Amino acid sequence: MLQLPKLRIGNLVPAFPIIQGGMAVRVSTSSLAAAVAEAGGVGVIGATGMSIEEMRMEIREAKKLTRGIVGVNIMFAIREFADMVKAAMEEKVDAVFTGAGFSRDIFKWGRETGIPIVSIVSSARLALLAEKFGAAAVVVEGTEAGGHLGTDRPLFEILPAIREAVKIPLIAAGGIVNGEGIARALKLGADGVQMATRFVLSKECNVADSFKKMYLKAGPGDVTVIPSPVGMPGRALKNKFVSRLLSGEVAAPDHCNACLKHCSGQYCILQALENSRTGRVEEGVVFAGQNVHRIKDIQPVKDIFNSLLYDLKSLLGGRKRP
């Protein structure tokens, strides 16, 4: 029988040490998060880009669909960060994942509600700070990740040093799309992994078909790094919008909802992400991890888990896949 490490996030212990990354602007919604939770992992709703009431409804819907572990990811960079976190806690979400900046206050809110906080970090310094303030675990994210990036260093370069620095559970993220990536992370001391890009190509992910087709068609050279108004670089697929952005042809927005604490104003990242999610993939940003080209199919979440676990059985000491 395959023996995987037990990932503990506070009092939470999923059947499998696999977390679905919380992708913002309605890529990770209740349908995907609940399916991952039902499969034995940790499903995460990407709350950034939602209204507070919309996030509440997504958490409630996910809880109707599963008795598994459902978390929420909320970027520190958004203006309504504190109100979003407190609302998620009022809905009794199982865990809160947060990155794109560092909040000290969130750990106090977590202690008051008994809800574990997981910090997304890319350095030993930030991991130690999170541990000091009371994080239940850290997600260590390398440069291969899709979306906003906290480092230009590869995951497997930064992971060992962070593992040595902290005692709390460590979750590896960035470029992991298959059993081989999971096995390598576990062998380097990770207690679990976070995968986002792989779960976009699931039946339960609600992005437009054209969004998924871009993933399926992507080659190794189709992923690039772009500037973002958030103040961090982002990893995305090349398209017409990205070409215009990199050549300085994208105009600043006429209207701003002031969704971020600090925004460069270069373009509206929320609108760019929403364009892509709803099918206008050439008019927006399609975030994707560096290894998206290694994913060749769209499967139900349960089948994705079965495939990952089958490969892990071979890689970690079971029978080989035919």
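Read-outs: derived from the displayed coordinates by stated rules, not from any lab. Here the structure is a predicted model, which means the values were calculated and not measured. As a convention, Cβ positions derive from the backbone with ideal geometry for all residues, glycine included, and neighbour counts pool all protein chains shown.
Would you pull out the residues with amide H under 5 Å of Ile69's amide H, same chain only if 5 or more places away, H placed 1.01 Å from N?
Residues meeting the amide H criterion: Gly43.
Please report, largest first and rounded to whole Å, the three semi-axes of the ellipsoid equivalent to the stretch 214-322, where each semi-axis is the square root of five times an eigenvalue of the C-alpha gyration tensor.
Listed largest to smallest, the semi-axes of the stretch 214-322 are 35, 15, 13 Å.
Normalised by the residues of the chain, what does the relative contact order come to in percent, with Cα pairs under 8 Å and at least six apart? If you can, show how the numbers build up before the last one.
Details: 708 pairs, mean separation 56.2, N = 322.
Taking the mean separation of contacting Cα pairs over the length of the chain, I get 17 percent.
If packing is taken as the mean number of other Cβ atoms within 10 Å per residue, what is the order of 3-11, 19-27, highest first? Please report the intermediate quantities before stating the final value.
Values: 3-11: 16.1, 19-27: 26.7.
By packing density, highest mean first, the sequence is 19-27, 3-11.
Have a look at Asp152, Asp222, Asp191 and tell me which one the Gaussian network model of the chain (Cα, springs below 10 Å) gives the largest fluctuation.
Of Asp152, Asp222, Asp191, the most mobile in the Gaussian network model is Asp152.
Label Ala258 and Ala208 with points 7 Å out from Cα along Cα→Cβ: what is the distance between them in nm?
Rounded to a tenth, the inter-label distance reads 3.1 nm.
Would you kindly state how much longer the chain becomes between Glu157 and Asp303 on full extension, computed as 0.36 nm times their sequence separation minus their alpha carbon distance, in nm to one decimal?
49.5 nm
Lys and Arg at +1, Asp and Glu at -1: add these up for the other residues within a Cβ distance under 14 Å of Met84 and post the number.
-4
Restricting to Cα atoms and excluding each atom paired with itself, what does the Kirkwood estimate give for the chain in Å? Show your work: numbers first, answer last.
Values: mean 1/r = 0.0515 Å⁻¹.
By the Kirkwood definition, the hydrodynamic radius is 19.4 Å.
Mind listing the phi-derived Karplus ³J(HN,Hα) values for the stretch 126-140, rounded to whole Hz, using 6.51, -1.76 and 1.60 with θ = phi - 60°, and x for any glycine or proline?
5, 5, 5, 5, 4, 4, 4, 7, x, 4, 6, 6, 10, 9, 9
What net charge do the residues around Leu216 carry, taking every other residue with its C-beta under 13 Å from that of Leu216, with Lys and Arg at +1 and Asp and Glu at -1? The partial results should precede the final answer.
Details: positive: Arg198, Lys212, Lys213, Lys217, Arg294, Lys296; negative: Asp209, Asp222, Asp297.
So the surrounding residues net to +3.
Length gain on complete extension for the stretch Arg104 to Ser314, per 0.36 nm per residue less the alpha carbon to alpha carbon distance?
Here the segment from Arg104 to Ser314 would lengthen by 71.4 nm.
List residues of the stretch 146-171, by number, whose backbone nitrogen lies under 19 Å from a label position 7 Å along Cα→C-beta of Lys6.
Only 167-171 fall inside the zone, counting backbone N under 19 Å.
As an exercise, use a Förster radius of 25 Å and the Cβ-Cβ distance of Thr113 and Ala15 to find the FRET efficiency, rounded to the nearest 0.05.
The computed FRET efficiency comes out at 0.55.
Can you tally the net charge around Ala288? Count Lys and Arg as +1, Asp and Glu as -1, for every other residue whose Cβ sits under 12 Å from the Cβ of Ala288. Don't skip to the answer; put the middle values down first.
Details: positive: Arg198, Lys212, Lys217, Arg235, Lys238, Arg294; negative: Glu144, Asp222.
Summing Lys/Arg as +1 and Asp/Glu as -1 gives +4.
What ³J(HN,Hα) values, in whole Hz, does the Karplus curve 6.51 cos²θ - 1.76 cosθ + 1.60 give for the stretch 186-199 when θ = phi - 60°, with x put for Gly and Pro?
5, 5, 8, x, 5, 8, x, 9, 10, 10, 10, 3, 4, 7
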